Amino acid sequence: MHGPLHEIGLVEVLQLLGRGARHGTLQVVGLDPAAPRTVRLRAGRVVSVEPDAGEAAVERALVARHLSVTDAIRPDLATESRDAMQHELAMRTLADMLHWARGRFDFAEEQGHDGPLDIAVDTILLELVGRESQRVELAALLDDFHAIPVFVADDRLAVGAPPELDPLDWRILDAVDGRRDVSAIAGTLDEPLETVGDRVRALQGATILELAAAPANDALAARAAIEAGRYDEAVALLEQRVGSVRTDREAWRLLGLAEVGAGRFDRAIRAWESWQQADPTLAQEAGALIAAARTMLEALHDHRE
């Protein structure tokens, strides 16, 4: 079983393998041929994701999350924390891979695979839906993640026992400088946006941080214009935004969506292709949107014919 990802998405591939309870190795190559992913399955369930959720990756992530090698290899962290981190890395990698619209996959039937994970395909999809829902809720609370965390004034610090902070909380606090917004902090720490946003909210609730208003942002005004159906106004604002901030992920996403809202699928595709050139690190995410827009454009042409 093999084929290009632009013809059959990885979601469909994993669903077919899951329903068939297949055993074997799934090799997936995205935009970078030098960085293939290997997903091993037993009875249709994911048991390992290499190299992103392999032992070396887990150890590196634990060191980053727990601040030191000594902490990362502590006996009380060795099993539970490793298992949780391995699952987190696997889910994060699979979530990224499901958006790939370019590349190819090859599945080889093999028996006897085992691994540290046991993830059903439906679990992956449900978790993705849950994360997207969480992202939407957090975005509404954090000005589309452009809110800037700052420390509360000394006279407003909560009285009583200090809250219990985990290592990620300390890393977030160390990154707070009054200039970085939530999105920038997540990028600096190389942690998922939703995870950092959730912890910032918790630190806000503990009266350690407060949120400064996001600076004037064309992307925020454009979102309101899109919701009101003023697509041309939104496009003008967003073109200005991406012209000055070439790596504004949300502005690029919204620019294409505004063009789609106006029924200009070809312009949406061109906008997202420009995004790929402006920020190659998000080329796969842009590629997934381009593939969806092309599908809608083809369906529109078929309907007209």
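Worth pointing out:
- Some residue of the stretch 277-289 being more than 28 Å from V29 (Cα to Cα), surrounded by 15 or more Cβ atoms within 10 Å (Cβ to Cβ), small (G, A, S) and modelled with pLDDT of 85 or more: no
- Hey, D198 touching an Asp or Glu at 6+ places or on another chain (Cβ under 6 Å) and touching a residue at least 60 places away in the same chain (Cβ under 8 Å) or not: no
- Hits in the stretch 258-283 (condition: in a helix (DSSP H, G or I) and among the aliphatic types (A, V, I, L, M)): A258, V260, A268, I269, A271, A278, L282, A283
- Lone unmet requirement of (1) at pLDDT below 85; (2) exposed (fewer than 14 other Cβ atoms within 10 Å of the Cβ) for W170: (1)
Here is a yes/no grid of residues against (1) charged (D, E, K, R); (2) more than 20 Å from the chain's Cα centre (by Cα):
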| site | (1), (2) |
| --- | --- |
| G178 | no, yes |
| S183 | no, no |
| D198 | yes, no |
| R201 | yes, no |
| E210 | yes, yes |
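- Tallying residues that are among the hydrophobic types (A, V, I, L, M, F, W, C) and not in a helix (DSSP H, G or I) within the stretch 237-257 yields 1.
- Filter pass, A158 being more than 18 Å from the chain's Cα centre (by Cα) and modelled with pLDDT of 85 or more: no
- The residues on offer are A234, A293, A288, and the sole one that is under 27 Å from L94 (Cα atoms) and without any contact (Cβ under 8 Å) to a residue 40 or more places away in the chain is A293.
- All positions within the stretch 252-300 that are closer than 20 Å to P192 by Cβ and among the basic types (K, R): R253
This table checks each residue for (1) out of contact with any strand residue (DSSP E or B) (no Cβ under 9 Å at 6 or more places or on another chain); (2) crowded, with 21+ Cβ neighbours inside 10 Å; (3) at pLDDT 85 or above.
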site: G187; (1), (2), (3): yes, no, no
site: E194; (1), (2), (3): yes, no, yes
site: V200; (1), (2), (3): no, yes, yes
site: G205; (1), (2), (3): yes, no, yes
site: A213; (1), (2), (3): no, no, no
site: A221; (1), (2), (3): yes, no, no
site: L238; (1), (2), (3): yes, yes, yes
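The values are calculated or read from the model by the stated rules, or taken from the named source; none is laboratory data. Quick caveat, the model's predicted, so the values are computed rather than measured. Cβ sites come from the backbone with ideal geometry, for glycine too, and all protein chains shown count toward neighbours.
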